[in-house]
Structures are given as C-alpha cells and as structure tokens.
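Here the structure is laid out as structure tokens; the discussion comes afterwards.
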Amino acid sequence: MEKQGCFIGTAGWGIPTRYKQDFPHPGSHLERYSRRFPIVEIDTSFYKPHRRETYERWARSVPEHFRFAAKAPRAMTHENRLVGCEAFADAFLQQVAGLGKKLSVLLVQLPPSLPFEPDVADGFFDMLSMRTNVRLACEPRHPSWFEVEAEALLASRRIARVAADPAPVPAAAVPGGWAGLAYFRWHGMPRVYYSDYDAEALGRIARQVQAAVASGSEAWGIFDNTASGHALGNALSVDAVIPGTSSF
C-alpha cells in the first residue's frame, strides 16, 4: 500500500505557540500539521471513542499522501486485558474506518502488568486479523513479551513490536516482531511525556531510524513527549537531519 521509507511525526497534532511560525495559517491545527509532516498518531482513541464522522472529517482535512496511526482503546488492552474484546474491536474498527485508505497502522499498547500468555495473545490477534487488514504495531511493556516465543508470535502474524524510549527492558529499545515495519515511540527522558530530547539524543534517534530503513524496514517515528510541548520541536529536528524523509 505504501512505499518503503522513513516517516516522522507526533502523537496528536497540537501546535504550541512557540512553533506556530513553522506551521503557518490558514487551517486547523491538523491541516497545518499535515502540510509539514506525513504521519500522525491518534492517541485520544485510547481514552475515548470518536464518531466515524469525526474520523471522516480528519481524513478530508489532510493531503492524499498523509497517513494515520490509531491507538486501540484501553478497554481492550488495559481493562479487558486482551480477553473478550470482540465488541470493543467491532465498535473501534467501525469508527476508525472513517479514515479510509489514510489509516495505515493500528497501535496496541499493553499495560506493564500484562505478561505474555501465548493463548491469550494468539486469540486476541487472531480476533483482530479476522476484522481488519490494517497493519498492527504492538507496544508491550512486561519483560515476558521480549522472549523468543513472544517475538516469534508477533513475527509470524506480521505484527511490528514497537521500539520504545524509555525502554522497560533493553530489548524494548529496538524494533522487533515483523521486520517490515519499524515503529518507534519516544516518550521523553528522564521524565516520561514531559522531557525534551537534547541534540545528542536526537542525533542518536535519527541514526537508529536510518539504520531501520537501511535494513529494509519502513520506519515510523512518533514523538510522544507532548505534555510540555516538546514533541513537535523534536520531530522537526529529526525530520531536518534525515535525508530523504518520505511522503507516501
């Protein structure tokens, strides 16, 4: 569906005042954001449902090349813990289908307390795969998800394992699972969601993304350190130093 490349964006599309000159008017924040970046991660879908008409409006407001990732609801991942999620999945997928072809990735973030249980994981991802063809990225945080059996399950189902910063275990710092998609989420260090990344860290991030692309993966990089407005500046900095950052 999409060409291989490197795509940088943020979780959400808010534009802090200090970056308004980089995203000139006219237009909504999403319209202005989409003229600068090729992707965005919808994280509000984790907390609350959006009407299908809302997703349709978002899709209409961005260029044809623009793509979305959408985060699966916490009712599935944190409350039901991957069990008995059929009704939640049906509702979520019906809503997010309003993005049409601009929906490119579904993000499944798991709670740190959820261990890898093969039967539960297999059943959950089987349930999802019967309902959607959209690519999946999974962000597990319990150490058991970084063992051989979990890696094999994700790879066999063509599910990318997120590379996260900060990483709950060393293996979580690099992408895993299916190698066709390398999905990075940078949450901020040392204070998660709040901390800015300095120039040295941003250089390391850029090199890591470039290495993933060089290995043959399509790379998505999402800055999630949004609480103090640093995500947008960090994304602009990394986007500027990676040659050939792509549009779809």
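The values are calculated or read from the model by the stated rules, or taken from the named source; none is laboratory data. Quantities reported herein were computed from a predicted structural model and do not represent experimental measurements. A quick note on method: Cβ atoms are made from the backbone with ideal geometry, for glycine too, and the neighbour counts reach across all protein chains shown. We work out accessible area using only protein heavy atoms, side chains counted, and drop any ligands, DNA or RNA first. Shrake-Rupley method; radii C 1.70, N 1.55, O 1.52, S 1.80 Å.
Taken over the range 108-127, residues that are part of a helix (DSSP H, G or I) and open to solvent by 10 Å² or more (accessible area, probe 1.4 Å) amount to 7.
Please pick out the residue among Glu200, Glu151 that is outside any loop (DSSP other than H, G, I, E, B), among the acidic types (Asp, Glu), in contact with a helix residue (DSSP H, G or I) (Cβ under 9 Å, 6 or more places away or on another chain) and on the phi < 0 side of the Ramachandran plot.
Details: Glu200 fails: in contact with a helix residue (DSSP H, G or I) (Cβ under 9 Å, 6 or more places away or on another chain).
None of the others qualify; the one that does is Glu151.
Here the range 168-183 is the region considered, the condition is being part of a loop (DSSP other than H, G, I, E, B) and closer than 19 Å to Pro111 by Cβ, and the residue that is most open to solvent (accessible area, probe 1.4 Å) is Pro168.
Go through the range 41-51 and give me each residue that's open to solvent by 90 Å² or more (accessible area, probe 1.4 Å) and of a type outside the set (Ser, Thr, Tyr). Even if it seems obvious, please write down each step before you answer.
Residues of the range 41-51 that are open to solvent by 90 Å² or more (accessible area, probe 1.4 Å), as a first pass: 47-49, 51.
Across the range 41-51, the qualifying residues are Lys48, Pro49, Arg51.
Residues of the range 129-143 that are free of Cβ contacts under 8 Å to residues at least 60 places away in the same chain and either of a type in the set (Ser, Thr, Tyr) or closer than 15 Å to Arg161 by Cβ (or both): Ser129, Thr132, Arg135, Leu136, Cys138, Glu139, Pro140, Arg141, His142, Pro143. With respect to (1) among the aliphatic types (A, V, I, L, M); (2) open to solvent by 20 Å² or more (accessible area, probe 1.4 Å); (3) at pLDDT 95 or above; (4) under 22 Å from Arg67 (Cβ atoms), the lone exception for Ala199 is condition (4). Against the numbered list (1) open to solvent by 30 Å² or more (accessible area, probe 1.4 Å); (2) under 16 Å from the mean Cα position of the chain (by Cα), Thr77 comes up short only at (1).
With the range 1-100 as the region, which helices (runs of 4 or more DSSP H) entirely inside it contain at least 1 residues that are at pLDDT 95 or above and within 21 Å of Ser129 (Cα to Cα)?
52-60, 86-96
Yes or no, residue by residue, for (1) hydrophobic (A, V, I, L, M, F, W, C); (2) open to solvent by 50 Å² or more (accessible area, probe 1.4 Å):
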residue	(1), (2)
Arg81	no, yes
Ala89	yes, no
Gln94	no, yes
Leu103	yes, no
Asn133	no, yes
Pro143	no, yes
Ala152	yes, yes
Ile159	yes, no
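Of the residues making up the range 156-180, those that are under 14 Å from the mean Cα position of the chain (by Cα) and either of a type in the set (D, E, K, R) or under 16 Å from Pro190 (Cα atoms) (or both) are Arg161, Ala164, Asp165. Every condition in (1) in contact with a helix residue (DSSP H, G or I) (Cβ under 8 Å, 6 or more places away or on another chain); (2) touching a residue at least 12 places away in the same chain (Cβ under 8 Å); (3) surrounded by fewer than 21 Cβ atoms within 10 Å (Cβ to Cβ) is met by Tyr193 except one, and the failing one is (1). Restricted to the range 1-40, and to residues there that are closer than 14 Å to Phe66 by Cβ and polar (S, T, N, Q), the residue that is most open to solvent (accessible area, probe 1.4 Å) is Ser28.
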